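Okay, structure first, notes after.
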Amino acid sequence: MPAVPDKYVFLPSREVPTTHQPLLEQALKILADDRQAQRTAETGAINRMTTRFSTARRGDAHAILFDYEKAHLNARGDWDKAIIKLRQTRDPQGNGIHVTDFWDAKNNRGTAQIEGQVKGSMAKLGTVFLGDARMTDLRPQPTGLVNKVYVLGRFIYDRAGPKLEADPNHTKMQFVRLPNSDTYVRRYVTRGLNHNDCVNLRNGRDLTAPVLDQTAQRREIASGGQASGHDVSAGGALSEAQQILSHTRGWQKRYISTGVSSRPVFSTRGTQFMSLFGAAVIDLAKLDLSAVFDIHSPVAVQNLLKWDATSVLSAPGPGDGATTLKQEEFLALRDVLRTRELLIKGRVDQRAVLRVGEGQRILGLGLDYKDGPKQQLAAIKKWPGGWSKVRQTDDTNYKGYLDQFWLFLLFDNETTARWFKDNVRGPWQKWQLFERYSMPAI
């Protein structure tokens, strides 16, 4: 079965002899070329996917996404392949680059040492950090937080020997450690806001997940509305892993989804997630991390859920049309690796939600019947003077704020939104203004 490649970072030694400097430069070039190949492979995978979706027919989505997901996993940094390239520099006498892997107490590779040999003389060229081995705590720690903040580190040498300290060149990229998955993730994650989020932020309340009840609901169990669901009775207890599966499959949403990557994230339709309500940044250093679950990477899903990401690489097909719980897990695994999600259970303290208000650019209309939003949108489209000012629309097929079905319209600015509200036909239509948010620079 194929292995999922390891992420790695190389830190050159600061005391390389002049005689060995060409080998260091050679090692740097090999690893830089490998990193560039990763970026090229990921970009190529995204471009191929978007091109295929532009001409896709109905029913093609799973196959297109499946090909992208495999390409995305294969585009990760591959330390094993890099080792081969480094060792290929050696001549029959052993002159060239040597690599030694070091293993931690859990039998995982943590670091590797790269050395160079010139005319029988060995010298250290640098250290490779695999996975999270390069993390160290930020000193001094920021104030007003509830969790320790970590940064990328560097080796320094003193009389006691080598030790890892915060790298002053990398203190802006900060991390926290999640106990549930034993992984480090970026301190600041992103949240594409929905209308309930905007209502809660407007009223100074915490963000809340749609479902707070942790017991099994009928729509997520095999004996209820989901034939391939959990084998428990309604009202029965669900493990955390079962609740996460329900969330990722859309059966019951007990978590608040966030993103950990700056790369584009694609839905099951091959489109990027773009919320009409804007986006915010959530500071994980201000939250209870026992309620945070990392499912964005192969290591995280293996540690937390025992899901094997290599099954995506070795599977014969995308697995759509699931009829068993195991097949549902495979679809969930594909989805979380593509969307790079981090889940927060139940609530997010609004003080940890960092956002910039753009003004009340959104108009919302709450209706008491399910087809109401689509009917009103169709009527608005017949009003050229008003419809031309609408930049984006969203409508809900479920009851949300005030227990109603909602139609939302986004405008360029608050002035235009207020003009529309004052001039829209039908005095019975009670439009509400909502704030739109954007992410602050962090």
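Which FRET efficiency, nearest 0.05, do TYR398 and SER121 yield, Cβ-Cβ r, R0 60 Å? Before the final figure, lay out each step's value.
On the way: r = 71 Å, r/R0 = 1.18.
After rounding to 0.05, the efficiency reads 0.25.
Mind listing the phi-derived Karplus ³J(HN,Hα) values for segment 246-260, rounded to whole Hz, using 6.51, -1.76 and 1.60 with θ = phi - 60°, and x for any glycine or proline?
Listing the rounded values in order: 4, 5, 5, 8, x, 7, 8, 9, 9, 10, 9, 7, 9, x, 10 Hz.
What does the highest-first list of 244-257, 114-127 look like by mean Cβ count within 10 Å? List each step's numbers first, then the result.
Numbers: 244-257: 21.8, 114-127: 17.2.
With the highest mean Cβ count within 10 Å placed first, the list reads 244-257, 114-127.
Under the rule of at least 5 residues apart or a separate chain, name every residue whose amide H is placed under 5 Å from the amide H of LEU125.
ILE114, GLU115, GLY116
I want to verify a result. In a Gaussian network model of the chain, Cα cutoff 10 Å, which of these has the top mean-square fluctuation: PRO210, PRO142, PRO179?
Result for the chain, Cα springs under 10 Å: PRO142 fluctuates most.
May I ask you to sort THR416, THR215 by Cβ crowding, counting other Cβ atoms within 10 Å and putting the fewest first?
THR215, THR416
Which semi-axes, in whole Å and largest first, does the equivalent ellipsoid of segment 356-438 have when worked out from the alpha carbon gyration tensor as the square roots of 5 times its eigenvalues?
On the way: eigenvalues 71, 52, 23 Å².
Equivalent-ellipsoid dimensions as semi-axes: 19, 16, 11 Å.
Can you spot the aspartates and glutamates whose alpha carbon is less than 19 Å from LYS345's alpha carbon? Ignore those fewer than 8 places along the same chain.
ASP182, ASP197, ASP206, ASP213, GLU220, GLU240, ASP283, ASP288, ASP294, ASP335
Show the residues, 5+ positions off or on another chain, whose built amide H is closer than 5 Å to the amide H of SER181.
Residues meeting the amide H criterion: ASP294.
Averaged across orientations, what area in nm² does the convex hull of the alpha carbons in the chain project?
Numbers: hull surface 105.8 nm².
Averaged projected area of the chain's Cα convex hull equals 26.5 nm².
Full extension from GLN26 to GLN375: what is 0.36 nm times the residue separation minus their Cα-Cα distance, to one decimal in nm? It would help to have the intermediate numbers written out before the result.
Details: separation 349, 0.36 × 349 = 125.64 nm, distance 6.53 nm.
Extra length available between GLN26 and GLN375 comes to 119.1 nm.
Between ARG218 and GLU165, take the C-beta separation as r, use R0 = 60 Å, and let me know the FRET efficiency to the nearest 0.05. Walk me through the numbers before you get to the answer.
Numbers: r = 55 Å, r/R0 = 0.91.
With R0 = 60 Å, the Cβ-Cβ based efficiency is 0.65.
Among ASP422, ASP231, ASP34, which one shows the highest mean-square fluctuation when the chain is modelled as a Gaussian network with alpha-carbon springs under 10 Å?
Of ASP422, ASP231, ASP34, the Gaussian network model singles out ASP422 as fluctuating most.
Where does each of GLU220, GLU240 land when they are ranked from fewest to most other beta-carbon atoms within 10 angstrom? Please list the in-between numbers first.
Details: GLU220 24, GLU240 14.
Least to most surrounded, the residues fall as GLU240, GLU220.
Give the lysines whose C-alpha is closer than 19 Å to that of LYS374, dropping any in the same chain fewer than 8 places away, or say none.
LYS382, LYS389, LYS399, LYS421, LYS430
Can you show me the helix-derived [θ] at 222 nm for the chain, built from DSSP H runs with n ≥ 4 at -39,500 (n - 2.57) apiece and divided by the number of residues, rounded to the nearest 500. Mind showing how you got there, number by number?
Values: 11 runs with 125 residues, N = 442.
So the helix-based figure for the chain works out to -8500 deg cm²/dmol.
What does the extension gain come out to for ASN203 and THR55, with contour length at 0.36 nm per residue minus their alpha carbon separation?
On the way: separation 148, 0.36 × 148 = 53.28 nm, distance 4.39 nm.
48.9 nm is the gain from fully extending ASN203 to THR55.
Can you tell me, using C-alpha contacts under 8 Å and at least 6 residues apart, the relative contact order of the chain as a whole percent?
Values: 821 pairs, mean separation 63.1, N = 442.
Computed over the chain, the figure is 14 percent.
Cβ neighbours within 10 Å, averaged per peptide: list 383-389, 75-81 in order, most packed at the top. Before the final figure, lay out each step's value.
Working: 383-389: 12.3, 75-81: 16.6.
So the peptides 383-389, 75-81, ranked by packing, come out 75-81, 383-389.
So how many Å³ per residue does the convex hull of the Cα atoms of segment 43-127 work out to?
136 Å³
Between PHE102 and GLN36, with labels modelled 7 Å along Cα→Cβ, what's the label distance in nm to one decimal, could you check?
Between PHE102 and GLN36, the simple spin-label model gives 3.1 nm.
With a Förster radius of 35 Å, plug the Cβ-Cβ distance of ASP231 and ASP67 into 1/(1 + (r/R0)^6) and report the FRET value to the nearest 0.05.
Details: r = 32 Å, r/R0 = 0.92.
After rounding, the FRET efficiency stands at 0.60.
Going by average Cβ density within 10 Å per residue, which order do the peptides 191-198, 277-284, 63-70 take, highest to lowest? Let's see the in-between values first.
Working: 191-198: 21.6, 277-284: 23.4, 63-70: 19.2.
In decreasing order of mean packing, 191-198, 277-284, 63-70 become 277-284, 191-198, 63-70.
With θ set to phi - 60° and the Karplus curve 6.51 cos²θ - 1.76 cosθ + 1.60, what are the ³J(HN,Hα) couplings of segment 378-384 in order, to the nearest whole Hz, using x for Gly and Pro?
Here the 3J(HN,Hα) series is 4, 5, 5, 4, 7, 9, x Hz.
Go through segment 336-342 residue by residue and turn each phi into a ³J(HN,Hα) via Karplus (6.51, -1.76, 1.60, θ = phi - 60°); whole Hz please, and just put x for glycine and proline.
Each residue's phi maps through the Karplus curve to give 5, 6, 7, 8, 6, 8, 10 Hz.
Every number here is computed from the coordinates shown, using simple stated rules; none is lab data. Because the structure is predicted, anything quoted here is derived from the model rather than measured. Backbone-built Cβ (ideal geometry, glycine too); neighbour counts: all protein chains shown.
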